[in-house]
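The values are calculated or read from the model by the stated rules, or taken from the named source; none is laboratory data. All of these numbers come straight from a predicted model, not from anything done at the bench. Reconstructed Cβ throughout: ideal geometry from the backbone, glycine too, with neighbour counts over all protein chains shown. Ligands, DNA and RNA are excluded from the accessible area calculation, which covers all protein heavy atoms including side chains. Shrake-Rupley method; radii C 1.70, N 1.55, O 1.52, S 1.80 Å.
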Amino acid sequence: MTQEIEIKVADGVQVIRFLRADKKNAFTGPMYNAMSEAVDAAETNDDIAVTVFLGSGGVFSAGNDINDFLRRAGANANDTAKGIPTPSLDFIRRLPKVTKPMVAGVDGLAIGIGTTMLLHCDLVYATPAASLRTPFLDLGLVPEAGSSLVGQMRMGYPRAFELLVLGEPFSAERAHAAGIVNKIVPAEELEATTLKAAKRLAAKPREALMTARRLMRGSPAAIDAMIDAESTAYRSLMVSPEAKEAFTAFLEKRAPDFAKARASAKK
Ligand code: COA
C-alpha cells in the first residue's frame with residue numbers, strides 16, 4: 001500500500017486523502033490502485049456509507065502523473081496499443097458504478113482527473129483558491145473518465161466544451177456557477193464542511209440513500225460506453241508525436257513544439 005494515499009474510516013465516512021503534495025498530488029499507478037481498493041471496500045463494507053476525497057498542501061490533484069503518460073507513450077507503447085488496462089483506467093471504470101455517495105473537498109488546483117473525478121461526486125465543496133483545469137487537448141489527448149458525457153450532463157455543452165476542450169481554467173466561482181461545485185467555503189472550513197455533509201448523508205437510512213442516488217443518476221451504461229470510446233481514442237493519441245512532445249516538454253520544463261514533433265515524425 002502506498003504512503004501517498006491515506007484512508008481512514010469513521011462515523012460511516014471513508015476519507016481518501018492524497019498525500020503527494022511535493023508533486024502537487026499527481027496520481028501514480030499505486031495511488032490509483034489504493035483508490036480503487038478503497039472504492040471497492042466502500043461497496044462491500046457496511047461501516048462505510050459515503051466516500052470523501054480530500055487533497056493536501058493546498059492542492060487537490062495535478063491529475064495523472066505525466067511520467068506515467070510518458071512511459072505509456074514510450075517504453076510501454078506495446079501494452080498501450082494492445083489496450084492492457086492501466087491502474088488509472090481501472091479506477092476510472094469504477095467511478096460510474098459506485099453505489100454509495102462520493103463527496104469532495106477541493107482546495108487549490110484540480111487538474112485533469114482531479115477535475116473529471118469531481119463530475120462523478122454527489123457533493124463538491126471548494127475554497128476560493130480552487131481552480132479546475134483539464135489540459136487534455138494541450139497534451140495531445142482527449143477528455144477522460146466519461147467527462148465527454150458527464151461534463152455535458154452537469155453543465156451543458158458550451159461550458160463543458162470550454163472547460164474540457166478549450167482548456168479554460170474554472171475558478172471556484174465559475175465552477176459553482178457551472179454547477180460542479182455546491183458551495184464555496186473559506187479554506188479553514190473546507191474539511192469540516194465536507195465531513196459534516198458526508199456525515200449527514202451517512203446518518204440517513206442507508207437503503208433509501210443508495211436508492212435515491214441510483215434513481216437520480218440513472219443507468220451508468222452510457223457513461224461506461226463513453227469511457228470505452230475515450231480510452232480507445234486515448235490509446236492511439238497517447239503514442240502520437242504531439243502527445244510525446246507535450247509530456248517530454250512538461251518534464252523538461254519547456255514549451256512544447258508541436259510543429260517540430262510532427263515534422264520529425266514524417267522524416
Ligand atoms: N505529473 C508529474 N509530476 C507533476 C505533475 C504531474 N501531473 N504536476 C506537477 N508535477 C511535479 C512537477 O514536475 C514538480 O516536480 P519537481 O519539483 O521534481 O520539478 C512538482 O510537481 C511541482 O510542480 P511545479 O510545476 O514546479 O509547480 P507549479 O506550482 O509551478 O505548477 C502545476 C503546478 C500543477 C500547474 C504544474 O505542475 C502543471 O501544470 N502540472 C501538470 C498538470 C497536468 O497537465 N496534468 C495532467 C492532466 S491530464
Determine whether region 179-188 contains at least one residue that is open to solvent by 10 Å² or more (accessible area, probe 1.4 Å) and either under 30 Å from ASP257 (Cα atoms) or under 18 Å from the mean Cα position of the chain (by Cα) (or both). yes
Would you point out which residue out of ALA197, ALA225 is part of a helix (DSSP H, G or I) and open to solvent by less than 50 Å² (accessible area, probe 1.4 Å)? ALA197
Leading residue by the ranking (least open to solvent (accessible area, probe 1.4 Å)) among those in region 55-81 that are in contact (Cβ under 8 Å) with a residue 60 or more places away in the chain and away from the ligand (no atom under 16 Å from the Cβ): ALA77
Can you tell me which condition GLY146 does not meet? The list is (1) within 12 Å of the ligand (Cβ to nearest atom); (2) within 19 Å of PHE69 (Cα to Cα), and all the others hold. (1)
Single residue of GLY151, GLY114 found to be buried (at least 17 other Cβ atoms within 10 Å of the Cβ), part of a helix (DSSP H, G or I) and within 13 Å of the ligand (Cβ to nearest atom): GLY114
Region 82-100 - residue that is assigned to a loop (DSSP other than H, G, I, E, B) and in contact with a Ser or Thr (Cβ under 8 Å, 6 or more places away or on another chain) and, of those, nearest to MET35 (Cα to Cα): VAL98
Open to solvent by less than 10 Å² (accessible area, probe 1.4 Å), within 10 Å of the ligand (Cβ to nearest atom) and not hydroxyl-bearing (Ser, Thr, Tyr): is that true of GLY105 in this structure? no
Scanning region 118-135 for residues that are open to solvent by 10 Å² or more (accessible area, probe 1.4 Å) and within 10 Å of the ligand (Cβ to nearest atom), the one nearest to LEU163 (Cα to Cα) turns out to be ARG133
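Residue by residue, here is whether (1) at positive phi; (2) within 22 Å of the chain's Cα centre (by Cα); (3) touching a residue at least 24 places away in the same chain (Cβ under 8 Å) holds:
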position	(1), (2), (3)
PHE170	no, yes, yes
ALA175	no, yes, yes
GLU191	no, yes, yes
LEU215	no, no, no
GLY218	yes, yes, no
LEU237	no, yes, yes
PHE250	no, yes, yes
ARG262	no, no, no
ALA265	no, no, yes
Residues in region 1-54 that are surrounded by 14 or more Cβ atoms within 10 Å (Cβ to Cβ), more than 16 Å from the ligand (Cβ to nearest atom) and of a type in the set (Ser, Thr, Tyr) total 2
Taking THR99 and the conditions (1) among the hydroxyl-bearing types (Ser, Thr, Tyr); (2) within 12 Å of the ligand (Cβ to nearest atom); (3) open to solvent by 30 Å² or more (accessible area, probe 1.4 Å), which numbered condition does it fall short on, given that it satisfies the others? (2)
